[in-house]
Amino acid sequence: MIVRALLAAWLAAVTCVLATGAWAEPSTTVDAPAGSAATRGLLYEIRPPTGAPPSYLFGTIHSEDVRVKLPAPVREAFDASPSIALEMVPDASAIIRAMVTMSYTDGRLLRDVLPADLYLETADALAQVGMPEEAFKDLKPWSVVTLLSSPPSETGEFLDILLFHRAVADGKRVEGLETMTEQLAVFDDLSEADQITLLRETLASREQLPLVFEALIAAYIERDVDQLQHLSEQHLAESDPRLAAHFQEVVIDSRNRRMVERMVPLLAEGGWFIAIGALHLPGDQGVVALLRRRDHGVRVVF
């Protein structure tokens with residue numbers, strides 16, 4: 001079902017976030033064949049054809065799970081890089097933009113858009129996660145989908161926020177590969193009918209989502225980005241073909257192309273640490289493969 005693929009994307013493709021901590025040191029680095037895509041690995045050394053110093057590409061996951069911790073090699077790569085690029089810069093203006101985009105501003109309310117039975121079911125589901133009607137009455141259906149299909153936040157200590165604040169404190173240059181508007185357009189550009197379809201599917205699938213979350217975390221801990229891609233594609237295969245194709249293009253493939261287009265000039269400078277969702281790394285249309293097709297040397301570090 002597409003909501004399970006949405007969870008996969010929310011965890012590993014939309015915003016670069018990860019809880020803090022430390023994993024054991026890897027025993028070796030791995031040189032992948034020049035034409036191959038990502039298989040296992042979360043941290044890559046990128047060497048541009050310009051001959052500039054190398055940069056690093058790190059795949060993240062949106063999780064506070066205690067098993068998901070920041071590896072020491074990643075900390076070292078971050079510390080050694082004078083410039084940091086995230087999927088987007090999580091500053092105050094981005095947060096304000098998100099709040100505005102997620103809500104109706106034309107006078108309509110969620111209850112005006114949803115059928116009565118669906119609104120009651122939605123209100124009950126949100127009440128179960130501690131959200132009163134006053135807090136969600138202005139939200140768009142897709143906003144509710146993201147709230148109900150993502151694991152609840154407990155600490156808020158996601159890696160993009162922590163990396164951003166640490167980079168600012170260290171005086172590093174910080175850039176975003178996308179804007180908040182571009183990221184939210186993935187959902188905000190959906191028709192209301194499609195948003196309502198996703199909301200119904202989300203409500204019907206809520207009890208199964210912890211199992212999906214567990215499978216994604218397990219694949220990430222193993223640094224198996226191909227398995228992350230397989231899980232996403234498996235869930236899409238169970239969905240409406242039209243919505244599934246749209247989802248694959250706008251959430252993953254088109255964003256891969258856009259982010260590569262914007263990271264290539266940074267890589268030409270050298271010295272960048274780039275953190276993006278791990279689901280953007282694998283596959284023929286993934287960021288690793290796209291960089292190799294642009295004659296960048298890509299080596300798995302961890």
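In sequence order, the stretch 114-129 has phi-based couplings of 8, x, 4, 5, 5, 5, 5, 5, 5, 4, 5, 5, 6, 4, 5, 9 Hz under the Karplus curve 6.51 cos²θ - 1.76 cosθ + 1.60, θ = phi - 60°, and Gly or Pro positions carry x. Nonpolar atom fraction for the stretch 124-229, defined as the carbon and sulfur part of the 1.4 Å probe accessible area, stands at 51 percent. Of the residues K69, K137, K172, ranked by 1.4 Å probe accessible area with the largest first, the sequence reads K69, K137, K172. Axis of helix 209-221 versus longest Cα principal axis of the chain: the two differ by about 0°, to the nearest ten degrees. A52 to A135: FRET efficiency via 1/(1 + (r/R0)^6), r the Cβ-Cβ distance, R0 45 Å, to the nearest 0.05? Working from the Cβ atoms, E equals 0.40. Counting only protein heavy atoms and a 1.4 Å probe, the chain has 43 square angstrom of accessible area per residue. Once backbone amide H atoms are built at 1.01 Å from N, A85 has E175, F273, I274, A275 as its partners under 5 Å, excluding neighbours fewer than 5 places away on the same chain. Measuring nothing but protein heavy atoms, the accessible surface of the stretch 234-302 at 1.4 Å probe radius is 52 percent carbon and sulfur.
In this structure, the amide hydrogen of T60, modeled 1.01 Å from its nitrogen in the peptide plane, lies closer than 5 angstrom to those of I276, G277, A278, counting only residues at least 5 positions away or on a different chain.
Across the stretch 50-57, rounded Karplus estimates of 3J(HN,Hα) from the backbone phi angles (6.51 cos²θ - 1.76 cosθ + 1.60, θ = phi - 60°) give 6, x, 5, x, x, 10, 10, 10 Hz, Gly and Pro being marked x. Surface composition of the stretch 42-89: carbon plus sulfur atoms hold 56% of the accessible area, using a 1.4 angstrom probe and ignoring ligands, DNA and RNA. The E214 and E157 beta-carbon pair, evaluated with R₀ = 30 Å, returns a calculated FRET efficiency of approximately 0.90. May I ask for the distance between the Cα centers of the stretch 140-203 and the stretch 224-261, given as a whole number of Å? So the two Cα centres are separated by 16 Å.
The values are calculated or read from the model by the stated rules, or taken from the named source; none is laboratory data. Worth saying up front: this structure is predicted, and the values here are computed from it rather than measured. Methodologically, a virtual Cβ is constructed for each residue, glycine included, from the backbone with ideal geometry; neighbour enumeration extends over all protein chains shown. Areas reflect the complete protein model, heavy atoms only, side chains present, ligands, DNA and RNA absent. Shrake-Rupley method; radii C 1.70, N 1.55, O 1.52, S 1.80 Å.
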